[in-house]
Amino acid sequence: MSSGRGRFRGEINILLCGDPSTAKSQLLQYVHKIAPRGIYTSGKGSSAVGLTVYITKDPETKEIVLESGALVLSDRGICCIDEFDKMDDNTRNILHEAMEQQTVSVAKAGIICTLNARTAILAAANPVESKYNPKKSIVDNIKLPPTLLSRFDLIYLILDHQSEASDRRLANHIVSLYSQPSEADMANIKRHDGLSTQLIATNTKPRDFLAQYISYARKYAQPVLSDTASDALIKEYTAMRNMGNAKKTITATPRQLESMVRIAESLAKMRLAAEVS
């Protein structure tokens, strides 16, 4: 977003960190398919130039041209990066500018330019020991550079808690995917699935409807901060800073305040509200 006061980042960056086999990749694939514009890539197979831009020579004119990478191609959309922890440090370093300034600067082969990368980043990573260690802090489990970690607005832990009831429920669900439902199951589904019946009647798929709703909200919903919301944000940010002063550590920076503003605005956009409450 931009205004007379300057240009501010409007997209939210999210990190999913959790145990193996907790469907993080499936979440990324679903978000990638539902987003009006986006790119899905794996951190293990991505290079720095593959994410930003790379220089190549046109086979016909023999001129040097720029080819866009994943971050530039997903401008005004979302970039899903799987296996974020498998990326090497050089590749990860180029994300600093894209995640905060939302630009990609190029100075290669006599070409000097700045390209827009106004994209939200959804990344998925495993903990350093493959499985989350509850005896360690979140920072020690994720083990990413603090400068990069602070650029994520939201960090979600997806943990594999062992429970006989949940394990049996998950096993039943997975096995049912490989088996043919019975006539009784089909009758039960038809009886209780009123939403699907309604959507089928209107020839609208749930995924298509959600994609259209997101596009509409992004384009037309422009909520403004109310005085009440502004006071609440200032109060919470001050409390976070004071918490750090007691421990003589920095627990929050203005970057975290901007994150709270973005999250508050996104909640208002979901409701298509004119004001952030």
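General observations
- The set of residues in segment 44-62 being in contact with a Ser or Thr (Cβ under 8 Å, 6 or more places away or on another chain) and at pLDDT 80 or above consists of Gly50, Leu51, Val53.
- Annotation note: Cβ proximity below 9 Å between a residue of segment 243-266 that is closer than 22 Å to Ala221 by Cβ and a residue that is among the acidic types (Asp, Glu) and modelled with pLDDT under 90 (sequence gap 6+ or interchain) occurs for Arg262/Glu11.
- Checklist (1) over 13 Å from the mean Cα position of the chain (by Cα); (2) within 29 Å of Arg207 (Cα to Cα); (3) free of Cβ contacts under 8 Å to residues at least 60 places away in the same chain applied to Cys79, failing item: (1)
- Selection status of Leu159, of a type outside the set (Gly, Ala, Ser), open to solvent by 50 Å² or more (accessible area, probe 1.4 Å) and in contact with a Phe, Trp or Tyr (Cβ under 6 Å, 6 or more places away or on another chain): yes
- Pick from segment 232-254, criterion in contact with a helix residue (DSSP H, G or I) (Cβ under 8 Å, 6 or more places away or on another chain) and within 20 Å of Thr147 (Cα to Cα), ranking: modelled with the highest pLDDT: Tyr237
- Looking across Asn133, Asn126, one residue alone is farther than 29 Å from Val49 by Cβ and either open to solvent by 60 Å² or more (accessible area, probe 1.4 Å) or at pLDDT 85 or above (or both). It is Asn133.
- Of the residues making up segment 267-277, those that are outside any helix (DSSP H, G or I) and either surrounded by 19 or more Cβ atoms within 10 Å (Cβ to Cβ) or in contact (Cβ under 8 Å) with a residue 40 or more places away in the chain (or both) are Leu272, Ala273, Ala274, Glu275, Val276, Ser277.
- The single condition from (1) modelled with pLDDT of 70 or more; (2) open to solvent by 60 Å² or more (accessible area, probe 1.4 Å); (3) not aromatic (Phe, Trp, Tyr) that Leu195 fails is (1).
- Screening Ala211, Ala229 for residues that are within 15 Å of Ala274 (Cα to Cα) and either at pLDDT 90 or above or surrounded by 14 or more Cβ atoms within 10 Å (Cβ to Cβ) (or both) leaves exactly one candidate, Ala229.
- Residue in segment 179-188 that is within 30 Å of the chain's Cα centre (by Cα), open to solvent by 80 Å² or more (accessible area, probe 1.4 Å) and either farther than 30 Å from Val128 by Cβ or at pLDDT 85 or above (or both) present: no
- Only strands (runs of 3 or more DSSP E) whose full extent lies in segment 1-97 are considered here, and the ones with at least 1 residues that are β-branched (Val, Ile, Thr), open to solvent by less than 60 Å² (accessible area, probe 1.4 Å) and touching a Leu at 6+ places or on another chain (Cβ under 7 Å) are 14-18, 38-42, 53-57, 78-82.
The values are calculated or read from the model by the stated rules, or taken from the named source; none is laboratory data. These numbers were taken from a predicted model, which means no experiment stands behind them. Glycine gets a Cβ as well: all are built from the backbone with ideal geometry, and neighbour counts include every protein chain shown. Note: accessible area is taken over every heavy atom of the protein model, side chains too, but ligands, DNA and RNA are not part of it. Shrake-Rupley method; radii C 1.70, N 1.55, O 1.52, S 1.80 Å.
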